[in-house]
1. Restricted to region 92-125, and to residues that are outside any strand (DSSP E or B) and under 45 Å from the mean Cα position of the chain (by Cα), which residue is surrounded by the most Cβ atoms within 10 Å (Cβ to Cβ)?
2. Do you know which of the residues in region 62-76 that are in contact with a helix residue (DSSP H, G or I) (Cβ under 8 Å, 6 or more places away or on another chain) and surrounded by 13 or more Cβ atoms within 10 Å (Cβ to Cβ) is farthest from residue 33 (Cα to Cα)?
3. Being buried (at least 16 other Cβ atoms within 10 Å of the Cβ), modelled with pLDDT under 95, outside any strand (DSSP E or B) and not assigned by TED's automatic domain parsing to the domain that holds residue 140: is that true of residue 17 here?
4. Check off (1) over 36 Å from the mean Cα position of the chain (by Cα); (2) in contact (Cβ under 8 Å) with a residue 24 or more places away in the chain; (3) in a strand (DSSP E or B) for residue 233 and give me the number that stays unchecked.
5. Any chance region 246-253 includes a residue that's at pLDDT 90 or above and surrounded by 13 or more Cβ atoms within 10 Å (Cβ to Cβ)?
6. Which residue out of 170, 160 is touching a strand residue (DSSP E or B) at 6+ places or on another chain (Cβ under 9 Å) and in a loop (DSSP other than H, G, I, E, B)?
7. Go through (1) within 30 Å of the chain's Cα centre (by Cα); (2) surrounded by 13 or more Cβ atoms within 10 Å (Cβ to Cβ); (3) over 23 Å from residue 207 (Cα atoms) for residue 287 and report which single condition fails.
């Protein structure tokens, strides 16, 4: 996979990724409708419907989204429909015309009867007290068949396919995994750098007539190829200008290691200007080293703040 191909995938799926990142949606969970069809609301709303499956496949291929087990669903073994449900049968006559009955006690008077005897708004048939709902206590429940009138504790369970109208047992059922899609934290960070931070920087440089590659590569005097987050090239009145930029982030403070790494690259490639963005900040050793190596350091708590600071710096430099 090439950086250019991945860049294209980011561009094609920006609506979805922007939605996930801006609203802190870390996981796209499936919804199963009444027909058994599996849908992902955000995917349907924010990926082009004509290329939806292809775009999702690319997001998985480039590890931008990752599959995560979410649930299992029962699939009909006869027609492969996901539109299935569970049926409850009478163990005596196999009828599905059964009801669940609940035995209740009217605590003040001790009357015990079926729940439907103590109907809402009516009096207790034993003591005559009205509005008995708050005085009832559940004692137990059972099932009753309306066909053969048998009472039983547990019904017989079978699966039923609403598509082909056939029943099947649990041992016959096909099981299918369904997944959620999780945003890869590394891809999220990369996307933020490229589109939240670097996209406006790229446009600004292009407005200044730079030819911008993001990411970009330069071949050094040694013959080695070096990659930067941004490489911007311009020929002004016969003079070639090269601007390079890298972004580094840390949970606390960026140390001097990225400065040394960037210096090794710029020493070989000799750009006109070099920028290093440190999120949220750089330690003192890193700042001193950057000053020595003539690397412009920009510190910012957040990526969008870094973009603003960098643009301001470029406008005044």
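The values are calculated or read from the model by the stated rules, or taken from the named source; none is laboratory data. Here the structure is a predicted model, which is why all the values come from computation and not from measurement. Cβ coordinates were reconstructed from backbone atoms using ideal geometry, including for glycine residues, and neighbour counts include every protein chain displayed.
1. Selected residue: 96.
2. 62
3. Taking the combined requirement at face value, the residue satisfies it.
4. (2)
5. The answer is yes, given that some residue of region 246-253 is at pLDDT 90 or above and surrounded by 13 or more Cβ atoms within 10 Å (Cβ to Cβ).
6. It is 170.
7. Of everything listed in (1) within 30 Å of the chain's Cα centre (by Cα); (2) surrounded by 13 or more Cβ atoms within 10 Å (Cβ to Cβ); (3) over 23 Å from residue 207 (Cα atoms), residue 287 misses just condition (1).
Results for (1) touching a strand residue (DSSP E or B) at 6+ places or on another chain (Cβ under 7 Å); (2) modelled with pLDDT under 90, shown as yes or no for each residue.
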{"site": "1", "(1), (2)": "no, yes"}
{"site": "30", "(1), (2)": "yes, no"}
{"site": "33", "(1), (2)": "yes, yes"}
{"site": "41", "(1), (2)": "yes, no"}
{"site": "56", "(1), (2)": "no, no"}
{"site": "71", "(1), (2)": "yes, no"}
{"site": "82", "(1), (2)": "yes, no"}
{"site": "90", "(1), (2)": "yes, no"}
{"site": "95", "(1), (2)": "yes, no"}
